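Beneath this line is the structure, given in structure tokens, with notes to follow.
The values are calculated or read from the model by the stated rules, or taken from the named source; none is laboratory data. Note that the coordinates shown come from a computational prediction; the quantities given were computed from them, not determined experimentally. Counting neighbours? That spans all protein chains shown, and the Cβs are built from the backbone with ideal geometry, glycine included.
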Amino acid sequence: MATLSLLERAKSYDPDWIAIRASFGMNGIFMKSTDLRFFSDYLIEHQARRPPDHLVVEWFAGESKQSAAYKRGRKHFGFRYNLFDHLGHTSTLRKEKAKEMPICFEMLTRPIVFEVEAFNPRACPKDDLWPCPQNPVVERIDWVTEGMKKALAEKAQRMRH
């Protein structure tokens, strides 16, 4: 349900959106099928220059002349919550073992993801997409169940030790 909700909300904010960040890494990004060939070409062209997890952000945020020209001002969004659990322990970005990763429905803010793609709770306190309108027609849904709140509290406790 959260996935359908975020896709519908993004469509209502900008029908021509370019990407939605809903988890970390490349599996956590929604894109439209019409953009995939262009993104694929960009990834192949620039793979020697940066890791793919960084190139995808560069591409949808329009951080290079080439990606900005393709983006043409289309919006990219950051969802409030992480929707996917990370299963692996080996990072494609680092040699050392990955630290404890964000769990489902943990807030997807920086430093988990880059600032340009992170949900901003101060800017959008009543919404679950960033950027958001000043007064969203439909306020955010509280997707976090009591069981998830308990798991998040337990993780926070582990991280303090």
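Pick from the range 1-55 the residues that are aliphatic (A, V, I, L, M), out of contact with any strand residue (DSSP E or B) (no Cβ under 6 Å at 6 or more places or on another chain) and over 25 Å from ASN135 (Cα atoms): which of them is surrounded by the fewest Cβ atoms within 10 Å (Cβ to Cβ)? My answer is ALA48. Residues in the range 127-136 that are modelled with pLDDT of 90 or more and in a loop (DSSP other than H, G, I, E, B) were compared, and the one that is surrounded by the most Cβ atoms within 10 Å (Cβ to Cβ) is ASP128. The set of residues in the range 1-40 that are of a type in the set (Ser, Thr, Tyr) and part of a loop (DSSP other than H, G, I, E, B) contains only SER23. Quick check on my filter: what residues within the range 44-56 are under 24 Å from ASN82 (Cα atoms), out of contact with any Gly (no Cβ under 7 Å at 6 or more places or on another chain) and part of a helix (DSSP H, G or I)? The answer is PRO52, HIS54, LEU55, VAL56. For the range 81-97, the count of residues that are of a type in the set (S, T, N, Q), under 18 Å from the mean Cα position of the chain (by Cα) and at pLDDT 80 or above is at least one.
Right, LYS126: of a type in the set (Lys, Arg), in contact (Cβ under 8 Å) with a residue 12 or more places away in the chain and farther than 21 Å from SER12 by Cα or not? Break it down stepwise before answering.
Numbers: of a type in the set (Lys, Arg): yes; in contact (Cβ under 8 Å) with a residue 12 or more places away in the chain: yes; farther than 21 Å from SER12 by Cα: no.
In short, no.
Number of residues in the range 137-161 that are part of a helix (DSSP H, G or I) and farther than 23 Å from ASP53 by Cβ: the value is 13. Looking across ALA61, ALA48, one residue alone is in contact with a helix residue (DSSP H, G or I) (Cβ under 9 Å, 6 or more places away or on another chain), at pLDDT 95 or above and farther than 21 Å from THR145 by Cβ. It is ALA61. Which one is surrounded by the most Cβ atoms within 10 Å (Cβ to Cβ) among residues in the range 56-89 that are free of Cβ contacts under 8 Å to residues at least 12 places away in the same chain and among the aliphatic types (A, V, I, L, M)? Applying the filter and picking the extreme gives ALA68.
Being more than 24 Å from LYS32 (Cα to Cα), among the acidic types (Asp, Glu) and either surrounded by fewer than 16 Cβ atoms within 10 Å (Cβ to Cβ) or modelled with pLDDT under 80 (or both) narrows it down to one residue among GLU106, GLU115, GLU139; which is it? Before the answer, list the steps.
On the way: GLU106 fails: either surrounded by fewer than 16 Cβ atoms within 10 Å (Cβ to Cβ) or modelled with pLDDT under 80 (or both); GLU115 fails: more than 24 Å from LYS32 (Cα to Cα).
Every option except GLU139 fails the conditions.
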